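K.L.:
Can you keep this structure in mind? I'll have questions shortly.
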Amino acid sequence: MNSNSLHPSLRFLRPVGALLAICAVLTTTVSAVQVAVTVRSTTPAHGLWFVNPVLTVHDGTYDAFDAGATASAAVESSAEDGNPSGLQTEFGVAQPHGLSAVIAGPVAPGRSYTQVFDLDPAIPAHRYLSYFSMIIPSNDGFFGNDNPTAYPLFDDSGYFIPRSIPVWGAAVWDAGTEVNDEVAANVAFLAQAAPNTGPTEGGTVGIHAGFKAAGLGGILDATSMAPGTPVTFGAADFKANGYQVAEITVSVINGASATPSRFVNLSARGPAGTGDNTKIVGFVVSPGADKPVLVRVAGPSLANFNVAGFLADPSVTVFDADGNAMGSNDNWVAAEVGDAVATVGAFAFDADSADAAVMLTLAPGAYTAHVGNPGTTDGVVLVEFYEVSN
């Protein structure tokens, strides 16, 4: 296949014990800001590519697709052929005051691209971010957010919210518009010679079941010449445990504005052991008023993201700089932290799971979160800190 078969417009880990500044309010003046949205491929060599990611800024009502529903013609064109023009047209009609951009071209493993938006928290159409991108090679696979209000750019007070959004392989979608036959002549980025090629499926949008296993003549065994040199996809099994496709980072451009900003979320993933191998993560509450902070340790719920070897029953205890225990939890209680989880938009723990979470009001100062491990074997955990707005 040549490159014409695609449309031509074609967690972060911190060291254990590192001090992490959260909850900082930088100024008291609300104003317009320049915001950089960076889309970075996190797949390994010979891994999955994606093409023409579409970024949209809107008022929270723009929804490109819905799980369980039939994909629109615009979604079909983007998911099958990497053609974003229909999505942009739909968005322009639905959100005349919103903003959209396409990062043109195939995105290879490890590459990153940045789009800058001029945003004003006083404009309702500048409140939320959404994204959509075809994965290649595939028949009609894509990643995108189904919930249009999942990623607010400003809080209710107009403060900008920086964030990092991981895109997991377990969350890759199937548009349901083309049969996943993985025949090279029907697959963009392989040997597809023209758009809209391949047997029609007539299904609905749903989580992708994954590629055929290696050795069965599908995408994992394929070679593409589209980039100009041979590319193989032996590491493109996005359903593998812990496979991350991309990371989308939203941040204020340095020096662009004195717009108020506060750190609302930080996470650290890694093994949690016992004794000298206890997982300890430090953080700092900045000067000013006491701040409500949600601290979570995900263990069993990581299975929903295909993370293997998770710690089955973590606990968490938060200490101040003098070694005083500020609070602890072993097995989270929805009645105690459920409202905070919903407020900050954290992913949901499984009901009655053995994950840990504690809600604290902390004075300015340094703190550490210690992960308890009741067993003798290390297990993977995700430690999270959130400032909870009132």
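K.L.:
Got at least one residue in region 109-125 being surrounded by fewer than 18 Cβ atoms within 10 Å (Cβ to Cβ) and among the aromatic types (Phe, Trp, Tyr)?
P.N.:
Within region 109-125 (the criterion being surrounded by fewer than 18 Cβ atoms within 10 Å (Cβ to Cβ) and among the aromatic types (Phe, Trp, Tyr)), the answer is yes, since at least one residue qualifies.
K.L.:
Can you go through GLY158, GLY176 and tell me which one is part of a loop (DSSP other than H, G, I, E, B), out of contact with any Pro (no Cβ under 6 Å at 6 or more places or on another chain) and either small (Gly, Ala, Ser) or under 18 Å from ALA69 (Cα atoms) (or both)?
P.N.:
GLY176
K.L.:
While we're looking at this one, here's another question. Please go through region 359-381 and give me each residue that is in a loop (DSSP other than H, G, I, E, B) and within 17 Å of ALA268 (Cα to Cα), ordered by number.
P.N.:
Residues satisfying the conditions are ASN373, ASP378.
Residue-by-condition table, conditions (1) buried (at least 20 other Cβ atoms within 10 Å of the Cβ); (2) out of contact with any Ser or Thr (no Cβ under 8 Å at 6 or more places or on another chain); (3) of a type in the set (D, E, K, R); (4) over 29 Å from PHE160 (Cβ atoms):
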position: TRP49; (1), (2), (3), (4): yes, no, no, yes
position: THR56; (1), (2), (3), (4): yes, no, no, no
position: GLY60; (1), (2), (3), (4): no, no, no, no
position: THR70; (1), (2), (3), (4): no, no, no, yes
position: GLU76; (1), (2), (3), (4): yes, no, yes, yes
position: GLY86; (1), (2), (3), (4): no, no, no, yes
position: GLU90; (1), (2), (3), (4): no, no, yes, no
position: PRO96; (1), (2), (3), (4): no, yes, no, no
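K.L.:
Report yes if VAL341 is in contact with a strand residue (DSSP E or B) (Cβ under 9 Å, 6 or more places away or on another chain), under 17 Å from LEU266 (Cα atoms), β-branched (Val, Ile, Thr) and buried (at least 18 other Cβ atoms within 10 Å of the Cβ), otherwise no.
P.N.:
Yes: the conditions hold for VAL341.
K.L.:
Assess whether GLY82 counts as being of a type in the set (Gly, Ala, Ser) and either under 18 Å from ALA171 (Cβ atoms) or buried (at least 23 other Cβ atoms within 10 Å of the Cβ) (or both).
P.N.:
Yes, satisfied.
K.L.:
Sticking with this structure for a sec: Just the residues that are among the charged types (D, E, K, R) and within 28 Å of ASP155 (Cα to Cα), please, taken from region 343-374.
P.N.:
Correct list: ASP350, ASP355.
K.L.:
Can you name the residue in region 219-230 that is crowded, with 19+ Cβ neighbours inside 10 Å and farther than 26 Å from ALA73 by Cα and, of all such residues, is nearest to the chain's Cα centre (by Cα)?
P.N.:
Among those residues, the one meeting the criterion is LEU220.
K.L.:
In region 158-206, which residue that is under 24 Å from the mean Cα position of the chain (by Cα) and of a type in the set (S, T, N, Q) is modelled with the highest pLDDT?
P.N.:
THR204
K.L.:
Here is a further query. Collect the residues in region 282-305 that are of a type in the set (Lys, Arg) and within 23 Å of the chain's Cα centre (by Cα), keeping them in residue-number order.
P.N.:
Of everything in region 282-305, just one residue is of a type in the set (Lys, Arg) and within 23 Å of the chain's Cα centre (by Cα), namely ARG296.
K.L.:
Then there's this: Grab the strands (runs of 3 or more DSSP E) fully contained in region 245-350, keeping just those with 3 or more residues being at pLDDT below 90.
P.N.:
So the answer is 265-272, 280-285.
K.L.:
Also, quick follow-up: Which of (1) out of contact with any Asp or Glu (no Cβ under 7 Å at 6 or more places or on another chain); (2) surrounded by fewer than 21 Cβ atoms within 10 Å (Cβ to Cβ); (3) of a type in the set (Ser, Thr, Tyr); (4) not in a loop (DSSP other than H, G, I, E, B) does TYR386 not meet, given it meets every other one?
P.N.:
TYR386 satisfies all of (1) out of contact with any Asp or Glu (no Cβ under 7 Å at 6 or more places or on another chain); (2) surrounded by fewer than 21 Cβ atoms within 10 Å (Cβ to Cβ); (3) of a type in the set (Ser, Thr, Tyr); (4) not in a loop (DSSP other than H, G, I, E, B) except (2).
K.L.:
Does GLY144 count as within 25 Å of PHE189 (Cβ to Cβ), of a type outside the set (A, V, I, L, M, F, W, C) and crowded, with 22+ Cβ neighbours inside 10 Å?
P.N.:
Against the criterion (within 25 Å of PHE189 (Cβ to Cβ), of a type outside the set (A, V, I, L, M, F, W, C) and crowded, with 22+ Cβ neighbours inside 10 Å), GLY144 qualifies.
K.L.:
Could I ask something else about it? Quick test for you: out of SER353, SER315, SER328, SER301, pick the one residue that is farther than 30 Å from ALA171 by Cα, in the same structural domain as SER286 (by TED's automatic domain parsing) and surrounded by 14 or more Cβ atoms within 10 Å (Cβ to Cβ).
P.N.:
That would be SER328, the only listed residue that is farther than 30 Å from ALA171 by Cα, in the same structural domain as SER286 (by TED's automatic domain parsing) and surrounded by 14 or more Cβ atoms within 10 Å (Cβ to Cβ).
The values are calculated or read from the model by the stated rules, or taken from the named source; none is laboratory data. Quantities reported herein were computed from a predicted structural model and do not represent experimental measurements. So basically every Cβ, Gly included, is an ideal-geometry build from the backbone, and we count neighbours across all protein chains shown.
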